[in-house]
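Worksheet: one structure, shown below.
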Amino acid sequence: MLEQVVSTGIVTSYFNKLKENLAVDVAIVGGGPSGLIAAYYLAKKGLRVALYERKLAPGGGMWGGAMMFNEIVIQKDALHILDELKVTYKHYEGDYYTLDSVHATAALIYHATQAGATIFNCTTIEDVVFQNDRVSGVVVNWAPVAREHMHVDPLVVMAKAVLDGTGHDCDIVRTVERKNSIVLNTPSGKVMGERSLSIDEAERTTVENTKMVYPGLYVSGMASNGVSGGFRMGPIFGGMLLSGEKVAKLIAEDIKKL
Ligand code: 48F
């Protein structure tokens, strides 16, 4: 019966996907622009990459442009990434370009998955695996389980590197710091919290603050600024894309040494 074919097809292929991703090279938490770009470049290098997004649709804060005007701004320095992904943009003024945020977000998701990254949507990362003073994996649950505060134990996915791409909340680094009394690779050794908006400063610091903050644990995008006390930036996305590109390079180099 066709009904049975449809259901078994979905269940079988989903469980195969899950099984293949119980141990990965890189676990990325958050499907915002920096996480998606990191997923694209890491998968393109042949690494096994799983990206976890708690919402139904990955894309984070990129879909909505600014105040739901679905256009975003990008600067010249990041155009090479858009060119590589064949994303269309228009020159606006000086070094600044505008693009349709829905078109751009869809392209990031498409290219990350096309390069080989697996996206698990509707999943929350609630904690990490902490072994031998190193972050070594993620603790995964269904997003509705966390939202409803249901007392259901999670599954564990082992990873050589974990990327916190959770945006303004820097959720993963905060959890790791709170639970393990560790000193982070930030100016104060702690999560410093994001500062108010300063676009110029923030575009620069987003990339500067993209780094490994503890063995096995990396930050990208707004999480980088949240962790190291950088500024908020608003609807300009070059820094996010460049941060994803930078963290992919760092992780790929570090993984080679393991
Ligand atoms: O915030 P977000 O878009 O990440 P980003 O790459 O980009 C920031 C920009 O969108 C914007 C900005 C532009 O200048 O400032 O804010 O830093 O996306 C983060 C994603 O992580 C998901 C969340 O739903 C969002 O889609 N997320 C957050 N915590 C978790 C999570 C978690 N614990 N588990 C799974 N997903």
| task | Could you give me the residue pairs with C-beta distances under 6 Å whose first residue belongs to the stretch 176-189 and is at pLDDT 95 or above, whose second residue is hydrophobic (A, V, I, L, M, F, W, C) and part of a helix (DSSP H, G or I) wherever it lies, and which are 6+ apart or on separate chains? | result | Thr186/Val227
| field | Yes/no for Met222 being over 23 Å from Met158 (Cα atoms) and either within 13 Å of the ligand (Cβ to nearest atom) or modelled with pLDDT of 95 or more (or both) | value | yes
| In the stretch 39-62, is there at least one residue being surrounded by 20 or more Cβ atoms within 10 Å (Cβ to Cβ), at positive phi and touching a Pro at 6+ places or on another chain (Cβ under 7 Å)? | yes
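Each row is one residue, and each column tells you yes or no for (1) surrounded by fewer than 19 Cβ atoms within 10 Å (Cβ to Cβ); (2) out of contact with any Gly (no Cβ under 7 Å at 6 or more places or on another chain); (3) in a strand (DSSP E or B).
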| residue | (1), (2), (3) |
| --- | --- |
| Asp83 | yes, yes, no |
| Val87 | no, yes, no |
| Leu99 | no, yes, yes |
| His111 | no, yes, no |
| remark: Only unsatisfied item for Arg147, checking (1) buried (at least 17 other Cβ atoms within 10 Å of the Cβ); (2) under 30 Å from Met233 (Cα atoms); (3) of a type outside the set (Phe, Trp, Tyr), is (1)
| query | Among the strands (runs of 3 or more DSSP E) contained in the stretch 137-216, which hold 2 or more residues that are over 23 Å from Ala50 (Cβ atoms) and of a type in the set (Lys, Arg)? | reply | none
| query | Quick one: Leu155 ticks every box in (1) surrounded by fewer than 22 Cβ atoms within 10 Å (Cβ to Cβ); (2) near the ligand (Cβ under 10 Å from one of its atoms); (3) at pLDDT 95 or above; (4) of a type outside the set (S, T, N, Q) bar one, so which box is it? | reply | (2)
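The values are calculated or read from the model by the stated rules, or taken from the named source; none is laboratory data. Since the model is a prediction, treat every value here as computed from it, not as a measurement. Positions of Cβ are generated from backbone atoms using ideal geometry, with glycine treated the same way; all protein chains shown enter the neighbour counts.
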